[in-house]
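Heads up, the thing below is written out as structure tokens.
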Amino acid sequence: MSSEEKNIQVTHDAENTKYVLTVDGQEAGAAHYVNVADGVRDFNHTVVDDAFRGQGLSKPLISSALDQSREDGVKVIATCPAVRKLVRTTGAYKDIIIKASDLEQDN
């Protein structure tokens, strides 16, 4: 079954600094981040549960997390390789992506 045929939802769990992916009501993965400065999130780890791997679920998870970050008005550091890859291949998030070195220069 492809990801288009499933009921996929991504919700922000701000208390635990992650975006949670659910598939048909079952938790399937998460995109974790750290608030490294005011208005800056470092997405440092993305995981899809073994039972859900190979179904193309990391893309909607990461895209939703980045879309919500944009809506929240925050910048993003893409430490996680999966987040970096999506940013690089889509080119859709250049407006919110910064490098950690950019943050250090502001201090």
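Just so it is clear, none of the values below were taken in a lab; they were calculated from the coordinates. Note that the coordinates shown come from a computational prediction; the quantities given were computed from them, not determined experimentally.
Structure notes:
- Correct choice for Rg and Dmax of the Cα atoms in Å that was computed from the model, options (1) 12.9, 37; (2) 13.8, 48; (3) 18.1, 58: (2)
- Averaging Cα coordinates gives a centre for the stretch 87-101 and one for the stretch 24-51; these two points are 17 Å apart.
- When the chain is treated as a Gaussian network with alpha carbon springs shorter than 10 Å, the biggest mean-square fluctuation among TYR93, TYR19, TYR33 belongs to TYR93.
- Against the chain, whose longest principal axis is taken from its Cα atoms, helix 81-90 shows a tilt of about 90°.
- When the helices of the chain are scored as -39500 (n - 2.57) per DSSP H run of n ≥ 4 and the total is divided over every residue, the value at 222 nm lands at -8500 deg cm²/dmol.
- Crossing angle, helix 58-71 versus the chain [Cα axis fit, 0-90 degrees, rounded to tens]: 40 degrees
- Qualifying lysines (Cα of each under 17 Å from Cα of LYS94; at least 8 residues distant if same chain): LYS59, LYS75, LYS85
- Most mobile listed residue (LYS75, LYS85, LYS18) in the chain, GNM with C-alpha springs under 10 Å: LYS85
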